[in-house]
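Chemist: Let me give you the structure first, and then I'll get to my questions.
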Amino acid sequence: RLRISRLSLEVRSIRLTSCTANAFAVYSYDLLQQPRPFRTNPPTLARKNVTVYLPHGFAAYTLAAMFDDLQAKLEEQLRVEVWQRDTYRKDSILGLAEVSLGSVFDQPLQHSASMPSMVRGFRVLDQVCPVSSMEPGLGRIGALRLLFFLEDLGPSRSEARQALKLPAENEEREERDIMAHGAHGVHGVHKNGRSSVEAVEAVRGTCGALASAVELPADMVAAEGLRALRGSPAYSVAYGLEIWKRSEESKFRSYLAEQEVAVRDRLEEEYRQRELARAREFRHRQAELKDVEAKTRHKLQELRQREVAIASEEARLAVLRDEARRRTDQAVQEHADVARRQLRQVAEAQQSLELEQSRSRHLQAHVEELERDLVAARAREAEEGQKREPRREELQSLQTELAESRLHA
């Protein structure tokens, strides 16, 4: 039979082993009839070799299918793509994980008190799937954990309506009886309320006895009980009450429609007044914005002129800087040349000084030697002078005698 199933997928966590990326997961499955691919959002920073949970990774889908068809369709692999979000580049796909969902039927049926919506039980398949790189040669780049829930919500509504539908002629007969005795039925609820309840209980008891006496399917027992209930007077009274309730509801709805028209008119007038006030405020704000825009444009023009002046000044400063650098380099080169020349002159002066010092030492030694010779010569001269002194006295005496003899002559 056609049954309603709820399929829930949760992409819980991811672990990358080759890189660090702002990752998010994307999948699209033909069985789920998705209008667009599902993706986790926002992208999560997945560091290398660190397991991180993906936010907003749960999604539930409801579909009607037979058990064999559902089991056959779940044999198809679910392909989950892992993408990378980059601020300065287009989103790129990192890898692909393939998930097998067919083995969910091998999982035991579970019940959870914390999830009352899963009253019929559910099966869960928890898998950690490898993520393969899209680039050839890299192999596995991480792992993705995915949980798959499968719930059986019972038969489809069309099947239930088909099982509980009464024959057309019984419904027409009941409607004619109710229309004929509608007013009496409405008052009979108050007068014979206990008998109506007893009749309903009797019908239920009859259905229970019939179900216990004969082993019939539950759908057939429910259908027979519903037919017996609709044929009872209590059902006619309840049906008349329902018609009366619907007529009162229609009156109340017409009253509500009138009130809605009045409220709509009042709200439209208030809205029109607010729109006029908003238009005035908009014009006022628009004038202020135009003034601000003019001032901003003027300031922008000034900023552009200043920017041009700054650019020209920067160009001039660049030229001056280059000229100063060139002059500095030239001066440094000249000083280096002067320093080298001075060093060479100093070296030559040191060599000349050493030569002069050597020459002066040689001359000093020669002077000392001459002084020693002079002292020796003076000593010899003194000795010779002492030896010549008597002869000089003799010579003077002879000269005196000679002069005297010349005088006498």
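The values are calculated or read from the model by the stated rules, or taken from the named source; none is laboratory data. Since we're looking at a predicted model, the values are computed, not measured. Cβ sites come from the backbone with ideal geometry, for glycine too, and all protein chains shown count toward neighbours. Ligands, DNA and RNA are stripped out before the accessible areas are found, and what is left, the full protein with its side chains, is counted by its heavy atoms. Shrake-Rupley method; radii C 1.70, N 1.55, O 1.52, S 1.80 Å.
Chemist: Output the residues belonging to the stretch 43-59 that are part of a loop (DSSP other than H, G, I, E, B) and open to solvent by 70 Å² or more (accessible area, probe 1.4 Å).
Modeler: Pass one, the stretch 43-59, residues part of a loop (DSSP other than H, G, I, E, B): 43, 47, 49-50, 54-57.
Selection gives R47, N49, H56.
Chemist: Determine if the stretch 16-23 includes at least one residue that is touching a residue at least 24 places away in the same chain (Cβ under 8 Å), open to solvent by 20 Å² or more (accessible area, probe 1.4 Å) and either assigned to a helix (DSSP H, G or I) or in contact with a Phe, Trp or Tyr (Cβ under 7 Å, 6 or more places away or on another chain) (or both). Give the steps one after another, and end with the answer.
Modeler: The first filter runs over the stretch 16-23 and keeps only residues touching a residue at least 24 places away in the same chain (Cβ under 8 Å), leaving 16-23.
So of that shortlist, the ones also open to solvent by 20 Å² or more (accessible area, probe 1.4 Å) come out as 17-20, 22.
Among the residues that remain, those that are also either assigned to a helix (DSSP H, G or I) or in contact with a Phe, Trp or Tyr (Cβ under 7 Å, 6 or more places away or on another chain) (or both) are: none.
No, the conditions are met nowhere in the stretch 16-23.
Chemist: Out of P43, P35, I need the residue that is free of Cβ contacts under 8 Å to residues at least 40 places away in the same chain and either over 23 Å from G139 (Cβ atoms) or not β-branched (V, I, T) (or both). Which one?
Modeler: The unique qualifying residue is P35.
Chemist: Here is a list: V124, V80, V104. Which entry is within 25 Å of S156 (Cα to Cα), assigned to a strand (DSSP E or B) and of a type in the set (V, I, T)? Even if it seems obvious, please write down each step before you answer.
Modeler: On the way: V80 fails: within 25 Å of S156 (Cα to Cα); V104 fails: assigned to a strand (DSSP E or B).
Criteria check complete, one pass: V124.
Chemist: Please give the number of the condition T62 fails out of (1) open to solvent by less than 80 Å² (accessible area, probe 1.4 Å); (2) closer than 27 Å to F122 by Cα.
Modeler: (1)
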